[in-house]
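The values are calculated or read from the model by the stated rules, or taken from the named source; none is laboratory data. Not measured: the values here are computed from a predicted model. Backbone-built Cβ (ideal geometry, glycine too); neighbour counts: all protein chains shown.
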Amino acid sequence: MKTHRDKKYKSSNNSTLHKSMYTGFLLSEPKYVSCRRLGDIMNISHDSVNRFLNRESYDGEDLFNEVKPLLNLNGGTLSVDDSVLDKPYANYIAFIGYFWSGKHHASVQGINLVTLYYTDTQGNHYPVNFRVADKSENKTKNDYFLEMLEAVLAWGLKPARVTGDSWYSCVKNLKVIKNNGLGFMFAIKSNRTVSIKKGSGSKFKSSMSLKTA
């Protein structure tokens, strides 16, 4: 059964624009990415490109379905991370906000992408879910992580463990992971107190990894 995601758009001069062409353009264009630039390359109206982008809507499940045949869904490692696309001069486009950047070690203006990345037991690795942080939703990166984790498990992914940096090692996240029967390995902040054995706690002097089987 075809959905809107399978449709191709035909411009007035019978050129066909679909997602593989658009993806190829994004990967190959060295400097300027715009509707006008793609229109010039394909000899179609830039309005055709704009209509294509406004009509198509892809989410994390579309990504998962694309890579699912390429992965062994059982027993691999699921990793969470985020990155910020710097946009210091863009004040009037969607999803712009101030986010902490590990690259700059400061809050910067840009677009924040949170990604779940899966590596299977044969070493194949692909992103399997994503969220673009939207300030209007009043959600944290940890909220997005838990939503994405719940989703990929519902879609049939069965990782053995989950990994991430110290931003994602809050108690709530670790409890959700544990309650789903998964192991984990996360960096932790230097001021965190960790109970290795029930009833006892230890404070680490430096950031280090905590893992469970």
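A few points about this structure:
- Residues being in a loop (DSSP other than H, G, I, E, B) and either surrounded by 11 or more Cβ atoms within 10 Å (Cβ to Cβ) or modelled with pLDDT under 75 (or both) - total across the range 184-196: 6
- Residues within the range 22-51 that are of a type outside the set (A, V, I, L, M), in contact (Cβ under 8 Å) with a residue 24 or more places away in the chain and within 19 Å of residue 93 (Cα to Cα), tallied: 1
This table checks each residue for (1) surrounded by fewer than 16 Cβ atoms within 10 Å (Cβ to Cβ); (2) under 19 Å from residue 150 (Cα atoms).
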residue: 83; (1), (2): yes, no
residue: 89; (1), (2): yes, no
residue: 110; (1), (2): no, no
residue: 113; (1), (2): no, yes
residue: 116; (1), (2): no, yes
residue: 128; (1), (2): no, yes
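- Just one of the listed residues (199, 156, 181) is assigned to a loop (DSSP other than H, G, I, E, B), more than 23 Å from residue 67 (Cα to Cα), in the same structural domain as residue 112 (by TED's automatic domain parsing) and modelled with pLDDT of 95 or more, namely 181.
- Of note, residue 37 satisfies the criterion of being in contact with a His (Cβ under 9 Å, 6 or more places away or on another chain), among the basic types (Lys, Arg) and assigned to a helix (DSSP H, G or I).
- Yes/no for residue 57 being without any contact (Cβ under 8 Å) to a residue 60 or more places away in the chain, surrounded by 15 or more Cβ atoms within 10 Å (Cβ to Cβ) and of a type in the set (S, T, N, Q): no
- The single condition among (1) within 30 Å of residue 124 (Cβ to Cβ); (2) small (Gly, Ala, Ser); (3) surrounded by fewer than 16 Cβ atoms within 10 Å (Cβ to Cβ); (4) modelled with pLDDT of 80 or more that residue 102 does not meet is (4).
- Inside the range 36-54, residues that are over 14 Å from residue 23 (Cα atoms), of a type in the set (A, V, I, L, M, F, W, C) and surrounded by fewer than 15 Cβ atoms within 10 Å (Cβ to Cβ) make up a count of 0.
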